[in-house]
Amino acid sequence: MSSSFGQKIRDLRKAKGLTLDQLATLTGSSKSYIWELENKNPPRPSAEKIVKIAEVLGTTSDYLMDASGAENKESADDLAFFRKYRTLDDSKKDTIRQMLDIIKNNG
C-alpha cells in the first residue's frame, strides 16, 4: 500500500524529530502550510517547495510525489545520498569509497 504525499512528509518529519514549526522554518514555509500539505487531499505545492521539503527531509521529490508506490523509501534515500555524494570534492569521494570498502570487507 502506498503512502500519500502528506503521509510521507509527516512520517519523514517525525522520523527526523522535527515539529511542524521546525520543518516550516527549514523550508521557508509557514506552519499552517506544512500542516495543509500533510493533511489536505490533494495538496497543491509548487515544484520549488517539493524540492526544498525533500532536501530537508533527506529524500527525493520523486519519492514524495510518487503515488503509485513504485519508488520506495530506500531507493529514495539512495538517490538523495548519491545526489549529495556527487557534490563532494574528489578527496571526500575517495574517503567515502575507502570507508565503504572497509565496511564491505568487514561485514
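The values are calculated or read from the model by the stated rules, or taken from the named source; none is laboratory data. A quick note: this is a predicted structure, and the numbers were derived from the prediction, not measured. A quick note on method: Cβ atoms are made from the backbone with ideal geometry, for glycine too, and the neighbour counts reach across all protein chains shown. We work out accessible area using only protein heavy atoms, side chains counted, and drop any ligands, DNA or RNA first. Shrake-Rupley method; radii C 1.70, N 1.55, O 1.52, S 1.80 Å.
Some points to look at:
- Among the candidates L79, L64, residue that is part of a helix (DSSP H, G or I) and modelled with pLDDT under 85: L79
- K8 falls short of the stated requirement of being within 16 Å of L64 (Cβ to Cβ) and open to solvent by 80 Å² or more (accessible area, probe 1.4 Å).
- Residue satisfying condition, being open to solvent by 80 Å² or more (accessible area, probe 1.4 Å) and under 21 Å from D77 (Cα atoms), within set L64, L26: L26
- Within the range 29-46, considering residues that are part of a loop (DSSP other than H, G, I, E, B) and surrounded by fewer than 16 Cβ atoms within 10 Å (Cβ to Cβ), the one modelled with the highest pLDDT: S30
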